[in-house]
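Okay, so here's the structure we're looking at.
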Amino acid sequence: EANFTVRTYTSLEDPSVVPEQDSVYRARRDIVEQHVSAPFKSYLQDQSLLLQTLPFYFTGHPQLELANDVRPRGRISYIMGLFPERVEIVEGRWPYSDASISLDAPLEVAVDVTGGELVQLGTDDEMETFPAMGRRSDTLTKVKIVGLFRRVDPEAEFWYGASRTFSRTEDQVPIVPLFTTENAILEYVGRSHPGSYIDVKWFFYLDRREMRTGDVGPIQDAIQQAEVDLRRKLEHASTAIELDDLLSPYQEQILLARIPFYLMISLTTGILAYYLALVSGLVVKSRTAETSLLKSRGITTHQMGLLALVEGLLLAAPAVVLGPIFALSIAKTLGNAFLEMNLSGGSVPVSLSFQAFLLGTGGALLAVSVLTISTLLASRQGMLEF
């Protein structure tokens, strides 16, 4: 529910006819980058792009020469960040990892291990494909399997929404996607099958661990703006976003949870303020003899107050800086001791905010003010205590 997707359909363009700067596919990628990826960048832990062609039937081997209703088939696909981060090569290599795209040679593809077993083909085997939605004549495209791979962690969150992108069997029909590079689809398949549709889907993975309650409002605003921009600028597009519906009740719950917390903070702050005022008054009272002695040497009341102000600021400055830092380490220790957190990091996420330093500064100014005012009142009396 926290992750979301953007999906659009467009047509493959022949790169020999349509220059890259006029490509509709490139333009749509730029729109999603500008109106979704960039605004959400600080809230995401990862994002991916899935590019798929129309389905192709396979032919060229006896096990592939079946009736169309049971013939093995698959889309030519590309997933951003797939290799080498999230898959490992079992045999062979990744398509075009060490060579440029040649239109005279077969299209290089890689299939997962399950797909190789379903079509009974391996590395360096070749076959032909033709669109499942058109006539077979004059549309055969040669492909060469240059590598077999498997996913490193099939349960990883990266595969959210992409479980049907890999080899499987549906109603006894082998579905084997052929993975290659983005440029290979745009250049090779674009020249072979110009005008055929492609399915483009963007996946966005929310960084839930680092998101703070203060981010809820900006995220909801960004979602609303992104949906408006995509409807206006991206034709044949759809979005699958449940994050705004997820955040709305969360925002209400966190507001209710903050009320007792704020009451506790107010009570604690009041006690600390009273304690600071009491200690400052006792400090001044204990220094009455020193104050009277300075007055007898000619110091004025205003000079005595200025001396107390400077002394208080010198003590308060390092306390304001070091106090929140010590509080952070104490909060982490107490949190890990009393709270059980099911997080990958294994510890309670605690961070310093601007409000922590602001609260510390307020307490320090209160103590300095009480110290200065008490000193002024005591210096006006100008008496020695015996």
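The values are calculated or read from the model by the stated rules, or taken from the named source; none is laboratory data. Being a predicted model, the structure only gives us computed values, none of them experimental. All Cβ positions, glycine included, derive from the backbone under ideal geometry; neighbour counts span all protein chains shown. These area figures cover heavy atoms from the full protein model, side chains too; ligands, DNA and RNA do not enter into them. Shrake-Rupley method; radii C 1.70, N 1.55, O 1.52, S 1.80 Å.
Data for the structure
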read-out: Criterion: open to solvent by 50 Å² or more (accessible area, probe 1.4 Å), in a loop (DSSP other than H, G, I, E, B) and either farther than 30 Å from Leu247 by Cβ or of a type outside the set (Phe, Trp, Tyr) (or both) - qualifying residue of Arg191, Arg209; value: Arg209
read-out: Within the range 98-113, considering residues that are surrounded by fewer than 17 Cβ atoms within 10 Å (Cβ to Cβ) and in contact (Cβ under 8 Å) with a residue 12 or more places away in the chain, the one nearest to the chain's Cα centre (by Cα); value: Val113
read-out: Boolean, Leu234 is farther than 26 Å from Ala27 by Cβ and either of a type in the set (A, V, I, L, M) or surrounded by fewer than 16 Cβ atoms within 10 Å (Cβ to Cβ) (or both); value: no
read-out: Selection status of Glu33, farther than 30 Å from Thr129 by Cα, under 35 Å from the mean Cα position of the chain (by Cα) and not basic (Lys, Arg); value: yes
read-out: Residue that is farthest from the chain's Cα centre (by Cα) [pool: residues in the range 1-24 that are within 15 Å of Ala240 (Cβ to Cβ) and not in a strand (DSSP E or B)]; value: Glu1
read-out: Which listed residue is hydroxyl-bearing (Ser, Thr, Tyr), under 44 Å from the mean Cα position of the chain (by Cα) and at pLDDT 75 or above, from Thr333, Thr301; value: Thr333
read-out: Selection status of Met80, touching a helix residue (DSSP H, G or I) at 6+ places or on another chain (Cβ under 9 Å), open to solvent by 50 Å² or more (accessible area, probe 1.4 Å) and closer than 22 Å to Asp199 by Cα; value: yes
read-out: Ala378, sole failed condition from (1) modelled with pLDDT under 80; (2) open to solvent by 30 Å² or more (accessible area, probe 1.4 Å); value: (2)
read-out: Residue check for Asp215: in a helix (DSSP H, G or I), touching a residue at least 24 places away in the same chain (Cβ under 8 Å) and within 30 Å of Ala364 (Cα to Cα); value: yes
read-out: Within the range 168-188, considering residues that are open to solvent by less than 20 Å² (accessible area, probe 1.4 Å) and assigned to a loop (DSSP other than H, G, I, E, B), the one farthest from Val70 (Cα to Cα); value: Thr180
read-out: Some residue of the range 313-321 being under 16 Å from Leu371 (Cα atoms), out of contact with any Ser or Thr (no Cβ under 9 Å at 6 or more places or on another chain), surrounded by fewer than 12 Cβ atoms within 10 Å (Cβ to Cβ) and at pLDDT 85 or above; value: yes
read-out: Selection count, the range 178-218, where residues are modelled with pLDDT of 85 or more and of a type in the set (Asp, Glu); value: 4
read-out: Residue in the range 166-179 that is touching a Phe, Trp or Tyr at 6+ places or on another chain (Cβ under 8 Å), β-branched (Val, Ile, Thr) and under 21 Å from Leu49 (Cα atoms) present; value: yes
read-out: Residue match in the range 272-284 (condition: surrounded by 16 or more Cβ atoms within 10 Å (Cβ to Cβ), in a loop (DSSP other than H, G, I, E, B) and either touching a residue at least 12 places away in the same chain (Cβ under 8 Å) or charged (D, E, K, R) (or both)); value: no
read-out: The range 28-53: number of residues that are touching a helix residue (DSSP H, G or I) at 6+ places or on another chain (Cβ under 9 Å) and either outside any helix (DSSP H, G or I) or loosely packed, with under 15 Cβ neighbours inside 10 Å (or both); value: 12
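Yes/no per residue for (1) within 20 Å of the chain's Cα centre (by Cα); (2) assigned to a helix (DSSP H, G or I); (3) at pLDDT 90 or above:
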position: Ser137; (1), (2), (3): no, no, no
position: Gly161; (1), (2), (3): yes, no, no
position: Gln220; (1), (2), (3): yes, yes, no
position: Asp244; (1), (2), (3): yes, yes, no
